[in-house]
1. When Ala59 is evaluated against the numbered criteria (1) assigned to a helix (DSSP H, G or I); (2) exposed (fewer than 15 other Cβ atoms within 10 Å of the Cβ); (3) free of Cβ contacts under 8 Å to residues at least 24 places away in the same chain, which criterion, by number, is the only one it fails?
2. Within the range 144-159, take every residue that is buried (at least 20 other Cβ atoms within 10 Å of the Cβ) and not polar (S, T, N, Q) and give me the one that is nearest to Lys113 (Cα to Cα).
3. Would you point out which residue out of Val154, Val112 is in contact with a Cys (Cβ under 6 Å, 6 or more places away or on another chain), β-branched (Val, Ile, Thr) and touching a residue at least 40 places away in the same chain (Cβ under 8 Å)?
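Read-outs: derived from the displayed coordinates by stated rules, not from any lab. Note that the coordinates shown come from a computational prediction; the quantities given were computed from them, not determined experimentally. Please note: Cβ atoms are built from the backbone with ideal geometry, for glycine as well, and neighbour counts cover all protein chains shown.
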Amino acid sequence: MAQITKGVERLSEVIEKDKDVREMKEPTCEDKRIIDRIVESVENPKEEKIRIMQLTQEAFKSLSNEHMRYLTKKIGVSYSDLFGIATFYHFFNLVPPGKHTITVCQGTACHVKGSERIISKLETLGIEMNGTTKDNRFSLKSVRCLGCCGLSPVMTVDEETFGRVRTSQLDGILKKYV
């Protein structure tokens, strides 16, 4: 019964999200011109969707729903196709990123050594997973492996790596970026 309830709740979320997408406003004329140039710069847009999405994100810092909706019209693909790509690959941002990006490793060694506690602590500090703080200072992401298993649990802030991280150290680490 609980699984059915969760399924219905998930379906309701999807329907509500789809409603939001259908009622979405158009990108500005300038944004459309930029996206048009991006699509025109690619030889075969339908086969180079990821490249187009990367270039669009580079231009706007994130892939907004409005921009993805416009891309679907320009390329001739479905919104769910682009949204699926954007949510599958960790390097796409659906919300504008903060000034600093925190990445927490979720690989096996880091998971065993407490990466979930690090994420929970960051969330209590107001930094939500796959989100950006209200002051746009920090974004939080997770990755499957940062390749520093001997230093687990590991997190990065921008390009700086922190190993053997404990939740008690997080305030001190983040103060460097305030």
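1. (3)
2. Pro153
3. Val154
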